[in-house]
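The block underneath contains the structure these notes are about, expressed in structure tokens.
The values are calculated or read from the model by the stated rules, or taken from the named source; none is laboratory data. From a predicted model like this one, the values you see are computed outputs, not experimental measurements. Cβ atoms come from the backbone with ideal geometry, glycine included; neighbour counts cover every protein chain shown. In case anyone asks, the SASA skips ligands and DNA or RNA and just uses the protein heavy atoms, side chains included. Shrake-Rupley method; radii C 1.70, N 1.55, O 1.52, S 1.80 Å.
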Amino acid sequence: MTQPIHAIEGGALARMVLDLLERTAMVFADEGSDDADYAVPTRFARIEYSGPTRGTLTLAATDGFLAEVASSLLGVEPEDVDLKRDGDDALQEIANTLGGSVVLALTGEHCEYSLGLPQVVAAPDASETVHAACVVVAEGGPLRVGWCDELASQAA
Amino acid sequence: MSCNILIVDDSRILRSAIRKVVRCAGIDEDRIYEAGDGRQALAVLEHEWIDMILLDINMPVMDGEQFAGEVRKNPDLADVALVVVSTEANEGRLQRMRALGAVDSLRKPFQPEDLLRLIVKLMGAKQ
């Protein structure tokens with residue numbers, strides 16, 4: 001049976017990010033404001049999904065944010081984190097886990113979506129449409145997340 | 001506990017986090033093995049006796065479903081407890097994993113305590 005597909009708003013996206021950071025890495029963050037003057041992101045990742053609709057999540061993080069998450073996962077001090085290796089790995093894992101939460105939120109328990117593999121990218125595509133976005137701020141810095149789905153494109 | 005555990009996940013940092021939880025379950029460091037994909041995991045199984053596999057699904061090279069299919073073909077591995085630890089939400093794929101012998105699953109994001117309880121429960125049942 002085909003499930004109804006629910007759009008995702010920025011607040012819901014932020015709650016998913018906050019939940020996964022707390023559960024996976026014991027990193028506590030707060031939802032930030034889109035217009036606040038946070039540090040500029042330096043590392044980027046994206047993950048695509050397909051199924052009843054196709055969509056993409058894009059993530060943009062600062063080195064400080066990723067050092068905090070990676071240090072918590074590895075059990076080392078933030079200054080001992082290798083950002084190229086561990087920071088990128090942490091960002092991809094956040095993208096992967098968030099992707100799972102998003103596709104579950106789209107249709108509920110009888111999910112028909114499949115996730116692609118998370119990819120570190122050089123920089124976000126500025127022309128890419130974003131249907132919902134959020135920023136969460138941890139002690140180390142901010143993480144920005146954008147969601148784009150063809151469902152939302154059709155509704156717009 | 002005298003059990004050998006294999007962690008299969010393409011994220012090195014997550015394997016490290018899971019390893020910490022496995023150690024908290026009382027598994028000695030030298031009884032914990034890691035693999036970054038299904039093919040690497042099969043190579044570990046050729047040389048080591050493994051009691052439990054904590055298996056991600058969404059991986060490059062050989063994903064968790066392909067790996068579980070290979071494990072199921074080998075009668076020598078019939079007693080290995082296969083546990084899915086993944087973001088996977090696709091119900092059809094999870095059903096296929098159960099059909100391939102997965103005894104339990106834990107969806108990411110999970111709290112370390114959730115994984116700890118699962119390991120202790122399954123290892124307790126095996127011993």
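When you go through (1) within 14 Å of the chain's Cα centre (by Cα); (2) under 19 Å from B:ASN58 (Cα atoms); (3) within 13 Å of chain B (Cβ to nearest Cβ); (4) surrounded by fewer than 22 Cβ atoms within 10 Å (Cβ to Cβ) one by one for A:GLY51, which number turns out not to apply?
Looking at each condition in turn, A:GLY51 falls short on (1).
For the stretch B:102-109, indicate whether the set of residues that are touching a Cys at 6+ places or on another chain (Cβ under 9 Å), at pLDDT below 95 and open to solvent by less than 10 Å² (accessible area, probe 1.4 Å) is non-empty.
no
Need the failing condition index for A:ALA67 against (1) without any contact (Cβ under 8 Å) to a residue 60 or more places away in the chain; (2) within 14 Å of another protein chain (Cβ to nearest Cβ); (3) among the small types (Gly, Ala, Ser), just the number.
(1)
Which of the residues spanning the stretch A:63-86 are under 14 Å from the mean Cα position of the chain (by Cα) and farther than 20 Å from B:VAL21 by Cα? Break it down into steps so the answer makes sense when it comes.
Within the stretch A:63-86, the subset under 14 Å from the mean Cα position of the chain (by Cα) is A:65-66, A:69.
Listed by number, the residues that qualify are A:PHE65, A:LEU66.
Being in contact with a Phe, Trp or Tyr (Cβ under 7 Å, 6 or more places away or on another chain) and under 26 Å from A:CYS111 (Cα atoms) narrows it down to one residue among B:ASN4, B:ASN90; which is it? Please lay out each step first, then the result.
Values: B:ASN4 fails: under 26 Å from A:CYS111 (Cα atoms).
B:ASN90 is the lone residue from the list that is in contact with a Phe, Trp or Tyr (Cβ under 7 Å, 6 or more places away or on another chain) and under 26 Å from A:CYS111 (Cα atoms).
Do the conditions hold for B:ALA25, that is, is it open to solvent by less than 20 Å² (accessible area, probe 1.4 Å), under 12 Å from the mean Cα position of the chain (by Cα) and of a type outside the set (Val, Ile, Thr)?
Numbers: open to solvent by less than 20 Å² (accessible area, probe 1.4 Å): yes; under 12 Å from the mean Cα position of the chain (by Cα): no; of a type outside the set (Val, Ile, Thr): yes.
In short, no.
Kindly provide the set of residues from the stretch B:4-15 that are open to solvent by less than 30 Å² (accessible area, probe 1.4 Å) and farther than 19 Å from B:MET123 by Cα, ordered by number.
B:ASP9, B:SER11, B:ILE13, B:LEU14
Out of the residues in the stretch A:19-48 meeting the condition of being part of a helix (DSSP H, G or I) and loosely packed, with under 15 Cβ neighbours inside 10 Å, tell me which one is nearest to the other protein chains (Cβ to nearest Cβ). Outline the logic, then answer.
First pass over the stretch A:19-48, keeping only residues part of a helix (DSSP H, G or I): A:19-25.
Next, only the ones that are loosely packed, with under 15 Cβ neighbours inside 10 Å stay: A:19, A:22.
Values: A:ASP19: 6, A:GLU22: 8 Å.
Among residues in the stretch A:19-48 that are part of a helix (DSSP H, G or I) and loosely packed, with under 15 Cβ neighbours inside 10 Å, the one nearest to the other protein chains (Cβ to nearest Cβ) is A:ASP19.
Kindly state which strands (runs of 3 or more DSSP E) lie completely within the stretch B:16-99 and contain at least 3 residues that are aliphatic (A, V, I, L, M) and in contact with an Asp or Glu (Cβ under 7 Å, 6 or more places away or on another chain).
Values: elements: B:32-35, B:52-55, B:81-86.
Strands (runs of 3 or more DSSP E) meeting the threshold: B:81-86.
Restricted to the stretch B:61-91, and to residues that are at pLDDT below 95 and within 19 Å of A:GLU48 (Cα to Cα), which residue is most open to solvent (accessible area, probe 1.4 Å)?
Among those residues, the one meeting the criterion is B:GLU91.
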